[in-house]
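*Asks:* My structure is below; once you've seen it, I'll send some questions.
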2 protein chains.
Amino acid sequence: MNRIINHPDYVVEDAIQGYVKAHPSIFATTENPRVLKRPQAPISGKVGVVTGGGSGHEPAFLGYLGENMLDAVAIGEIFSSPTAGAFLDAFKAADAGAGVACLYGNYAGDNMNVKMAMKKAAAAGITVKTVVANDDVASAPADEKARRRGVAGEILMWKVGAAAAAQGYDLDGVIGVAQKAIDNCRSIGVGLSSCTIPAVGKPNFHIETGTMEIGIGHHGEPGIEVVPTQSAKEMAVTMLNFVLEQQTDTAHPDVVVLVSGLGATPVMELYIYYAEIEKILSEKGIRIHRNYVGNYFTSLEMMGVTLTVMKLDDELKKLIDLPAQSPGLTQAE
Amino acid sequence: MNRIINHPDYVVEDAIQGYVKAHPSIFATTENPRVLKRPQAPISGKVGVVTGGGSGHEPAFLGYLGENMLDAVAIGEIFSSPTAGAFLDAFKAADAGAGVACLYGNYAGDNMNVKMAMKKAAAAGITVKTVVANDDVASAPADEKARRRGVAGEILMWKVGAAAAAQGYDLDGVIGVAQKAIDNCRSIGVGLSSCTIPAVGKPNFHIETGTMEIGIGHHGEPGIEVVPTQSAKEMAVTMLNFVLEQQTDTAHPDVVVLVSGLGATPVMELYIYYAEIEKILSEKGIRIHRNYVGNYFTSLEMMGVTLTVMKLDDELKKLIDLPAQSPGLTQAE
């Protein structure tokens with residue numbers, strides 16, 4: 001392992017410090033060192049929008065705090081859930097009486113800790129409702145959707161949910177539209193190399209050079225199949241097959257496409273890949289209303305790519321188009 | 001090599017296609033497949049601002065086209081200069097009669113091709129003036145500054161020069177302020193791993209695990225020294241020593257700091273590193289007026305980081321603060 005860190009046990013603290021120093025208008029610290037909030041939060045009359053998750057996925061999760069974006073975030077160790085206490089403190093940091101929408105990903109640790117935090121929040125008089133992202137089509141079959149993991153589709157769920165809250169939706173409204181956003185998202189990842197958690201010091205798993213793992217998770221969870229590395233075009237076909245076969249509603253041909261590198265993928269290759277995705281969708285008559293191509297949801301220095309396609313309706317389109325400003329995603333008019 | 005490409009000989013074409021498809025409001029193609037321009041260019045009355053360089057550094061160079069940013073770009077093969085013809089066509093694409101500022105980096109191939117293109121441009125009645133970036137303090141001693149390479153400081157030079165052009169500066173004004181911007185920039189890189197040009201298929205050079213190369217160039221040009229990998233804090237001290245010892249003017253304690261990953265550096269580690277930079281500068285009474293932390297100027301999948309510090313005066317501050325919108329850098333009010 002050859003990396004830019006101080007001590008392997010303090011990478012999360014150190015990274016948080018960097019984010020706060022780099023973006024003082026976006027981040028305010030709280031009494032809990034694993035909770036950041038917007039300086040403006042809680043915002044009177046507005047539903048608080050919160051997420052939380054393990055570190056190592058930067059800019060997710062903390063990098064999506066900002067204007068018309070998230071209000072507070074609970075931050076876990078590398079690849080592991082924030083504590084229940086951190087989720088609770090994030091709820092408190094975001095709640096101004098209108099309730100909190102906790103929009104997070106479907107992982108055992110997060111589920112458990114959010115549930116515990118919600119109990120304590122209820123006792124403290126804070127109403128919290130949740131949407132649990134499960135956009136990763138590779139992680140369980142369609143008829144066991146509740147077992148599916150949340151991956152990069154979470155970013156679109158946050159964007160939509162946070163935009164709705166900013167537009168004055170009430171808690172049920174925010175929850176409803178964030179649920180719709182993630183229900184309309186399908187994602188899949190392909191891994192080309194492993195990654196190393198600094199405190200572990202050796203790779204999490206192994207991918208043979210010349211092969212790629214289809215359906216790999218954001219923490220190296222085993223995928224569906226290891227195959228010889230495909231061309232960008234073949235990869236686009238493979239991944240779209242997974243994502244589109246479960247997108248049955250063709251009444252709304254407009255979609256959002258999010259292509260994220262996993263950390264070590266050259267930026268130019270994300271665009272090579274995107275060109276292939278665009279070609280195939282265009283041939284199918286599917287219009288990309290908006291696209292995001294970059295390092296949006298990473299896995300330390302893993303090489304690989306995730307594809308997320310979100311179907312749009314008029315409401316989602318309006319919310320996804322709302323300008324936003326955050327370290328991870330800045331979108332002008 | 002395990003990568004997301006179609007054919008190693010077509011990575012540049014394929015990536016250009018992806019950029020154009022992903023950002024149709026930013027990029028217009030031209031008759032030269034290696035020249036992109038803003039759809040608005042040439043803009044009547046405005047100085048055209050152009051750059052060009054090798055590919056593999058994305059989002060540089062093409063990703064800095066946009067609103068209040070560059071007007072046209074000449075695109076070379078991976079790690080090699082655009083042709084003279086491409087530079088010439090980029091000048092033509094950007095010129096509306098007010099002349100063209102060509103702001104590029106100090107590399108033999110680029111120098112030669114820009115010079116040839118300028119001769120042809122002159123013959124065609126287009127006035128082109130240049131600023132040649134040489135911000136890499138590791139590439140030659142201070143008394144041989146003309147031999148120094150241009151690196152990530154180019155981005156700040158483009159930002160400033162393009163902002164000046166957008167604000168109505170004439171050609172000499174744009175050139176003057178872009179020259180001041182790069183004169184006020186000092187950069188240095190550290191490499192932790194090599195990278196592989198797809199058409200070559202094996203690493204360009206070698207960095208032993210457990211060591212880092214101080215002063216490495218954007219194409220793996222040898223640095224000053226190979227040392228055992230330092231902590232983020234030690235790295236920050238080492239790199240700032242190089243950069244600051246040549247920043248003698250302390251009349252303006254405000255600076256811009258740009259921390260760029262080289263392609264495979266985990267995003268969280270860029271922030272760990274930034275926190276250390278901020279601490280040291282703050283102790284020295286140097287104020288970071290604005291910072292950029294991310295993958296701004298990469299070298300395919302090299303792991304490592306570059307640090308750029310630009311001293312500010314009131315004019316540079318105003319220009320660096322102008323909102324901008326481009327795939328590589330979006331900055332709101």
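The values are calculated or read from the model by the stated rules, or taken from the named source; none is laboratory data. From a predicted model like this one, the values you see are computed outputs, not experimental measurements. Here Cβ is always computed from backbone atoms with ideal geometry, including for glycine, and neighbour counts include all displayed protein chains. SASA here: full protein model, heavy atoms, side chains in, ligands and nucleic acids out. Shrake-Rupley method; radii C 1.70, N 1.55, O 1.52, S 1.80 Å.
*Asks:* If N is the number of residues in the range B:254-333, what value comes out of its Cα radius of gyration divided by 2.2 N^0.38 Å?
*Replies:* Here the answer is 1.14, to two decimals.
*Asks:* Per the Cauchy relation, a quarter of the hull surface: what is the mean projected area of the convex hull of the alpha carbons in the range B:185-326, in nm²?
*Replies:* Seen from a random direction, the Cα hull of the range B:185-326 projects 9.1 nm² on average.
*Asks:* Okay, moving on. Can you pull out the buried accessible area for chains A and B, both sides counted, probe 1.4 Å, rounded to the nearest 100 Å²?
*Replies:* For A against B, buried area totals roughly 4600 Å².
*Asks:* What residues in the range A:11-26 lose 10 Å² or more of accessible surface when the other protein chains are added to their chain alone (1.4 Å probe)?
*Replies:* When all protein chains are present, A:Val11, A:Asp14, A:Ala15, A:Gln17, A:Gly18, A:Tyr19, A:Lys21, A:Ala22, A:His23 each give up 10 Å² or more of accessible surface.
*Asks:* Could you work out Rg/(2.2 N^0.38 Å) for the protein assembly as shown, with Rg from alpha carbons only?
*Replies:* 0.91
*Asks:* Additional query: Between copies, how far does the label point of B:Glu234 sit from its twins, in nm, shortest first, when each point is 7 Å from Cα along Cα→Cβ?
*Replies:* 4.4
*Asks:* Treating the point 7 Å from Cα along Cα-beta-carbon as the label, what are the nm separations from A:Gly97 to the other copies, to one decimal?
*Replies:* Taking the point 7 Å beyond Cα along Cα→Cβ, the inter-copy spacings are 6.2 nm.
*Asks:* Are there any residues in the range A:262-286 with a reduction of at least 50 Å² in accessible surface when going from the isolated chain to the assembly of protein chains? Probe 1.4 Å, please list them by number.
*Replies:* A:Val267, A:Met268, A:Glu269, A:Tyr271, A:Ile272
*Asks:* When the accessible area of the range A:10-184 is computed with all protein chains present and a 1.4 Å probe, what percentage of it is carbon and sulfur?
*Replies:* The value for the range A:10-184 is 53 percent carbon and sulfur by accessible area.
*Asks:* Student exercise: in the range B:185-326, how many lysine pairs 8 or more apart or on different chains have Cα atoms under 19 Å apart?
*Replies:* Lysine pairs satisfying the spacing and distance rule in the range B:185-326 number 4.
*Asks:* Could you tell me the calculated FRET efficiency between A:Glu144 and B:Ala122, based on Cβ-Cβ distance and R0 = 56 angstrom, to the nearest 0.05?
*Replies:* The computed FRET efficiency comes out at 0.20.
*Asks:* Something else: Pick out, from B:Leu281, A:Ala108, B:Gly66, the residue whose Cα sits farthest towards the positive end of the charge dipole of the protein assembly as shown, with +1 on the Cβ of Lys and Arg and -1 on the Cβ of Asp and Glu.
*Replies:* Value: B:Gly66.
*Asks:* On average, how much accessible surface per residue is there in chain A, in Å², for a 1.4 Å probe, leaving out ligands, DNA and RNA?
*Replies:* 34 Å²
*Asks:* Give the residues of the range B:106-141 whose amide nitrogen is closer than 18 Å to a point set 7 Å from the Cα of B:Glu245 in the direction of its Cβ.
*Replies:* In the range B:106-141, the label zone of B:Glu245 (backbone N under 18 Å from the point 7 Å along Cα→Cβ) covers B:135-141.
*Asks:* Picking from A:His218, A:Leu300, A:Ala93, whose Cα lies most toward the positive end of the charge dipole for chain A (charges on Cβ: Lys, Arg +1; Asp, Glu -1)?
*Replies:* A:Ala93
*Asks:* Between B:Ser25 and B:Ala108, what FRET efficiency follows from the Cβ-Cβ distance if R0 is 35 Å, with the result rounded to 0.05?
*Replies:* That gives a FRET efficiency of 0.50.
*Asks:* What FRET efficiency comes out for B:Ala199 versus A:Ile43 if R0 is 56 angstrom and r is the Cβ-Cβ distance? Round to the nearest 0.05.
*Replies:* Working from the Cβ atoms, E equals 0.60.
*Asks:* Taking the Cα centre of the range B:10-184 as origin, work out the dipole magnitude from +1 charges on Lys and Arg Cβ and -1 charges on Asp and Glu Cβ, in debye rounded to 20.
*Replies:* Computed about the Cα centre, the dipole is about 260 debye.
*Asks:* Considering the Cα trace of the range B:27-176, what is its radius of gyration and what is Dmax, both in angstroms?
*Replies:* Cα-based Rg and Dmax for the range B:27-176 come out at 13.9, 42 Å.
*Asks:* Sticking with this one: In Å³ and rounded to a whole number, note down the convex hull volume per residue for the Cα atoms of chain B.
*Replies:* Output value, Cα hull per residue: 123 Å³.
*Asks:* Comparing the chain by itself with all protein chains present, which residues of the range B:192-213 are at least 30 Å² less accessible (probe 1.4 Å)?
*Replies:* Listed in order, they are B:Leu192, B:Thr209.
*Asks:* For the range A:5-115, evaluate the Debye formula with one uniform point scatterer on each Cα (no solvent term) and list log10 I(q)/I(0) at q = 0.10, 0.15, 0.19 Å⁻¹, rounded to two decimals.
*Replies:* Taken in order of the listed q values, log10 I(q)/I(0) reads -0.24, -0.55, -0.89.
*Asks:* Once the label point is set 7 Å along the Cα-to-beta-carbon vector, what list of distances in nm do you get between A:Ala140 and its counterparts in the other copies?
*Replies:* A:Ala140 label point versus its equivalents elsewhere: 6.2 nm.
*Asks:* Dipole of chain A (Lys/Arg Cβ +1, Asp/Glu Cβ -1, origin at the Cα centre): which of A:Leu244, A:Ala199, A:Ile188 lies farthest to the positive side?
*Replies:* A:Ala199
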